[in-house]
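Structure record follows, encoded as structure tokens.
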Amino acid sequence: MKTKYKLITASVITTLTAASITALNKMIFISSTYKETLSQNKGLIYKWRFGDIYYTKRGEGKPLLLIHDLILGSSDYEWKEMIDTLSSNYTVYTIDLLGFGRSDKPNITYTNYLYVQLLGDFIKNVIGRRTDVIFSGSSCSIGIMTCCNDNSLFDHIMLINPDSILKTNQLPNKKTKILKFLIECPIIGTLTYNIMASKHFITEDFLIHYMASPSTLSNKIIYAYHESAHLHGADSKYIFSSIISNYTNFSISHKLKDINNSICILGGSEENYIEQTIKDYQDRNQIIESFLIPHCKHFPQLEQPEEFLKQCQVFFS
């Protein structure tokens, strides 16, 4: 009889705990998005086969497509300071990749090739012509693979602080697959994601890894990334689990030499190992140009927008 009561007690405690964590998760998702920092008023929807893709279109002239980084909370907010100026000379397209921001976030494994398909379809079906393109951070390897898959899609290609060759070679293994499984578990996995996607940890990442000067990190940036990381509730965790498990990586070492497009790497002067990364890329493709923007780190488009725009004008003219 005592054993029976113990089992009942344990069951009740477990149920109450699970219910409490579930309620906490829901409260976190609601409180994270109420500010509506990411405006959807000017956006359009591309009905792709794996989900709705949020994008914007501004300006007139030759098309220029802006692709955000693949970090927690990424969205087209990364280009906020660029669009008005660039749209005076270009038809500027921004996109929230599948799994990010205001786009759908299906429960799938997100891979480099999934995004290669998305970009190819988007350019053909929405833009409708060859385009200049800017890739940021980890999305640069997607750009390289997309170009290798169909070099008629892109004209000029700018890569902002691309991942090192070594990092792109890091592919899924047993440990990362287990990590992916744990994060995708209901309740506890969702709570773990919410902790990782909290304002505290997002702010810490920006101060340590992404910004050279704390004074350039505004509350609006944190609110935007925090909101993007929680839109669509628990579905936000699936892209995160794929990224940290290396599914969005792809070894580009042997692909770089096959690209004949005009390519420029734009780096932040204080980005870790950026000079070595540029050298490794240029060793594999000697036509790659490069330029370092001073006094910034991972996001020159956020820290030094004027200098960033100046370099865009030089490269894309």
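Taking the mean number of other Cβ atoms within 10 Å as a proxy for protection, how do you rank 248-260, 134-146 from highest to lowest? List each step's numbers first, then the result.
Details: 248-260: 16.8, 134-146: 25.0.
Per-residue mean Cβ counts within 10 Å order the peptides as 134-146, 248-260.
Please state, rounded to one decimal and in Å, the Kirkwood hydrodynamic radius that the stretch 186-317 gives when every pair of distinct Cα atoms enters the mean of 1/r. Mind showing how you got there, number by number?
On the way: mean 1/r = 0.0583 Å⁻¹.
After inverting the mean inverse Cα-Cα distance, the result is 17.1 Å.
Pop out the carbon and sulfur fraction of the accessible area of the chain as a percent, whole number, probe 1.4 Å. All intermediate terms of the calculation are to be shown ahead of the outcome.
Details: 8260 of 15060 Å².
With neighbouring chains kept in place, the figure for the chain is 55 percent.
Express the accessible area of the chain per residue in Å², computed with a 1.4 Å probe while the remaining protein chains stay in the model. Intermediate values should be presented prior to the final figure.
Values: 15060 Å² over 317 residues.
Accessible surface, normalised per residue, equals 48 Å².
Cut-off 10 angstrom, C-alpha nodes, Gaussian network model of the chain. Which of Ile221, Ile274, Ile188 fluctuates the most?
Of the options given, Ile188 has the highest mean-square fluctuation.
Diagonalise the Cα gyration tensor of the chain and give the resulting equivalent ellipsoid semi-axes, square root of 5 times each eigenvalue, largest first, whole Å. List each step's numbers first, then the result.
Values: eigenvalues 269, 87, 75 Å².
The three semi-axes for the chain are 37, 21, 19 Å.
With +1 assigned to the C-beta of every Lys and Arg and -1 to the C-beta of every Asp and Glu, and no other charges, what is the dipole magnitude of the chain about the Cα centre in debye, to the nearest 20? Don't skip to the end; give the middle numbers.
Details: 31 positive and 30 negative charges, 305 e Å.
Taking the Cα centre of the chain as origin, the dipole is about 1460 debye.
Set the Förster distance to 25 Å, then compute FRET efficiency between Asn219 and Lys310 from the Cβ-Cβ distance, nearest 0.05.
Working: r = 27 Å, r/R0 = 1.09.
That pair, Asn219 with Lys310, gives E of 0.40.
Please work out whether the stretch 237-285 counts as rounded, prolate or oblate from its C-alpha gyration tensor, where a ≥ b ≥ c are the square roots of the eigenvalues and a/c under 1.5 means rounded, while otherwise a/b larger than b/c means prolate and anything else oblate? List each step's numbers first, then the result.
Working: a/c = 2.45, a/b = 1.44, b/c = 1.70.
Note, shape of the stretch 237-285 comes out oblate.
Please say if the stretch 140-182 is rounded, prolate or oblate, where rounded means a/c under 1.5 for a ≥ b ≥ c the square roots of the C-alpha gyration tensor eigenvalues, and otherwise the choice is prolate for a/b larger than b/c and oblate otherwise?
Details: a/c = 3.35, a/b = 2.27, b/c = 1.48.
Prolate.
Output ³J(HN,Hα) for the stretch 248-264: one whole-Hz value per residue in order, computed from phi by the Karplus curve 6.51 cos²θ - 1.76 cosθ + 1.60 with θ = phi - 60°, and x for Gly and Pro.
These are the phi-based 3J(HN,Hα) values: 8, 7, 7, 5, 9, 3, 8, 8, 4, 5, 8, 8, 10, 5, 6, 10, 10 Hz.
Before rounding to the nearest 500, sum -39500 (n - 2.57) across all DSSP H runs of length at least 4 in the chain and divide by the residue total; then give [θ] at 222 nm in deg cm²/dmol. Please report the intermediate quantities before stating the final value.
Values: 13 runs with 132 residues, N = 317.
Calculated at 222 nm, the ellipticity per residue is -12500 deg cm²/dmol.
Evaluate the charge dipole of the stretch 64-180 about its Cα centre and quote only its size in Debye, nearest 20, assuming +1 on the Cβ of each Lys and Arg and -1 on the Cβ of each Asp and Glu. Mind showing how you got there, number by number?
Details: 11 positive and 12 negative charges, 130 e Å.
So the magnitude is around 620 debye.
Would you mind checking the radius of gyration and Dmax of the stretch 134-259 based on alpha-carbon positions, in Å?
For the stretch 134-259, the Cα radius of gyration and maximum Cα-Cα distance read 16.6, 45 Å.
The values are calculated or read from the model by the stated rules, or taken from the named source; none is laboratory data. Please read all numbers here as calculations on a predicted model, not as lab measurements. Counting neighbours? That spans all protein chains shown, and the Cβs are built from the backbone with ideal geometry, glycine included. To get the accessible areas, we keep the full protein, side chains included, count just its heavy atoms, and leave off ligands, DNA and RNA. Shrake-Rupley method; radii C 1.70, N 1.55, O 1.52, S 1.80 Å.
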